[in-house]
Amino acid sequence: MKKICLIIGHGGKDTGAVNPNNGYTELKYNSELVPKIVQKLQGQYEILLENRGNNSIEDIAKINSFNPEIIISFHCNDSEDDKGTGTEAIYYPGSTKGKELATIVSKNVSEALGLKNRGAKTPWQNRGMGLLQRTKAPCIISEGFFIDNDSDLKAGLDKMDNYVAAIVKSVHEYLGDSSEGTEPEQPEKPDTKIYLVQGNKTIGEIDGTIKLY
Ligand SMILES: [Zn+2]
């Protein structure tokens with residue numbers, strides 16, 4: 001089973017960006033979003049769900065030793081004037097695979113939320129570089145919408161299920177997996193025959209009826 005790592009951005013007392021009108025935070029939004037994604041992908045992938053808690057950065061050693069195919073960290077964007085809008089995904093500068101994953105995610109999430117696709121980008125003011133630089137697998141930061149912009153946040157909240165589906169689709173698309181066959185394989189039918197044992201000798205069996213040898 002392929003492995004993927006999903007990260008709920010920020011943690012503990014660091015809630016990330018906040019909507020100035022209703023106090024909604026990045027941490028709150030992504031704490032609702034990411035478990036829904038896990039629910040959809042578990043069974044098809046082995047998933048490491050990571051959150052930094054009160055630490056300044058995610059547990060990079062744990063993520064690298066898990067050895068995932070991809071890492072997606074979930075944040076929300078914010079802007080100086082609270083008027084920024086749209087979807088983007090951040091990748092490590094020079095990473096071809098990271099850029100490919102970011103391009104797929106930004107396109108699918110923007111369509112799912114009905115927002116402008118700002119596309120794949122490299123970090124602005126080195127934001128998120130600690131994670132992007134130190135992780136071995138292709139790693140991106142999904143900035144689905146601007147949390148400080150009321151209409152962007154409304155799209156994020158109203159269409160959270162679409163966001164979930166867009167990430168599921170993106171993971172399948174990038175890893176070349178079919179969305180079919182997500183049901184785990186049924187285990188072999190267990191042997192329901194019961195043997196009658198006396199001492200160390202099998203003296204009969206029950207398989208619908210009792211049969212004594
Ligand atoms: Zn953030």
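So the values come out like this:
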| read-out | value |
| --- | --- |
| Virtual spin-label span in nm between LYS154 and LYS201, 7 Å along Cα→Cβ | 8.3 nm |
| Sorted peptide list for 102-111, 78-87, criterion being average Cβ within 10 angstrom, highest first | 102-111, 78-87 |
| Part-to-part distance (alpha-carbon centres) for the range 113-183 and the range 43-58, which is given in Å | 16 Å |
| Distance between modelled label sites at ASP161 and ASN21, nm, 7 Å Cα→Cβ extension | 2.5 nm |
| Rounded if a/c under 1.5, otherwise prolate or oblate - the range 47-191, Cα gyration tensor axes | oblate |
| For the chain, share of DSSP beta bridges that run antiparallel, in % to the nearest 5 | 40 percent |
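Taken together, the values in this text are just the output of simple stated rules run on the coordinates, not laboratory data. Remember, predicted model here, so these are calculated numbers, not experimental data. For neighbour counting, all protein chains shown are included, and Cβ atoms are generated from backbone atoms with ideal geometry for every residue, glycine included.
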